[in-house]
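For reference, the structure is listed below as structure tokens.
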Amino acid sequence: MISGLVYLTGHARIPTGEPRVTIHVADISGETHPVEFLVDTGFDGDLTLSPALIRRLGLPHLRVGKVTLADNLDREFGVYGAEVSWNGKTVEVEVLESEDDPPLLGMAMLWGSRITIEAREGGLVTIEDLEVI
Amino acid sequence: MAAERTEADILAAGQRKYRSMVVWELTDDDKGKMVVIDVDSGDYEVDTVEAKARDRLFSRRPDACTWTAEFNGRPEFRGGWRMTYPNGYTIEGGRPSRDEIREALAEARRRTND
């Protein structure tokens, strides 16, 4: 099981928060590094990471992606590969280059899992493998 | 009660209190100081010397179960609403398969080792 916390990001009038979990991402030498991700069910990919972190980890480049932002301009971004520890297993995932901070963990990563979020300040976030439950 | 808990339980409880409550009450003047927290009540003391903070907390709460952190400032808020960046994205050649990612990683490792 993977667990994390809900961080308060709102204020007294409109309290809200971010569910975050820490996942270990392997660099090219195989050494793993803890990275905190925001669980984002509106993102249908696996993970995003910043360009700086992708370079530091030495991840291999696979594709070029394109996205249209609110200003109607297309932006290009790199798609990389990485190995992460996920519910006790090592899995290969796609990593989209993005300046999102914290980086995002999306639905492709969560596929096959049950996620529970205690949506309150300091609430627990848990991700369990559906095959194990 | 405290003796029955594992270190992992105390760590998790301490981090919860620290991240969800204590960091929002500290100020820039507290940066670099040690924070000793009673993981049950959330009561805490701050001092440049951990032992002094600990002594003050235990004088008030002799049964405290404590966890200590160094305060490095609050996490920063982002203003406005989040626009999830990858929504509506396309990847030339389609999304890579798990097999392709595995092969690319193996190839990159071979190159690094050469």
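None of the figures in this text is laboratory data; all of them are computed from the coordinates on show. Just so you know, these numbers come straight off a predicted model, no measurement behind them. Methodologically, a virtual Cβ is constructed for each residue, glycine included, from the backbone with ideal geometry; neighbour enumeration extends over all protein chains shown.
Charge tally for A:ILE117 (other residues, Cβ to Cβ under 14 Å; Lys, Arg +1; Asp, Glu -1): -2. Here the label points at B:ALA51 and A:ARG120, each 7 Å from Cα along the C-beta direction, are separated by 4.0 nm in the simple model. Counting DSSP beta bridges in chain A, what percent are antiparallel, to the nearest 5? In chain A, DSSP labels about 90 percent of beta bridges as antiparallel. Can you tell me the FRET efficiency between B:GLN15 and B:GLU92 if r is taken as the Cβ-Cβ distance and R0 is 41 Å, rounded to the nearest 0.05? E between B:GLN15 and B:GLU92, to the nearest 0.05, is 0.50.
The gain in end-to-end length when the A:LYS66 to A:VAL91 segment is fully stretched comes to 6.5 nm, 0.36 nm per residue minus the alpha carbon separation. In straight-distance terms, cross-link reach from B:LYS52 covers every one of the aspartates and glutamates whose alpha-carbon lies under 19 Å from its own, apart from those fewer than eight places away in the same chain; here that gives B:ASP29, B:ASP30, B:ASP38, B:ASP43, B:ASP63, B:GLU70.
Phi angles across the stretch A:105-121 convert, under the Karplus curve 6.51 cos²θ - 1.76 cosθ + 1.60 with θ = phi - 60°, into 3J(HN,Hα) values of 10, x, 5, 5, 5, 7, 4, x, 10, 10, 10, 10, 10, 7, 7, 7, 4 Hz, Gly and Pro given as x. Determine, from the Cβ-Cβ distance of A:THR41 and B:ASP28 and an R0 of 35 Å, the FRET efficiency 1/(1 + (r/R0)^6), rounded to the nearest 0.05. Once the sixth-power term is evaluated, E becomes 0.50.
Residues of the stretch A:80-100 falling in the label zone of A:THR9, defined by backbone nitrogen less than 20 Å from a point 7 Å along Cα to beta-carbon, are A:96-100.
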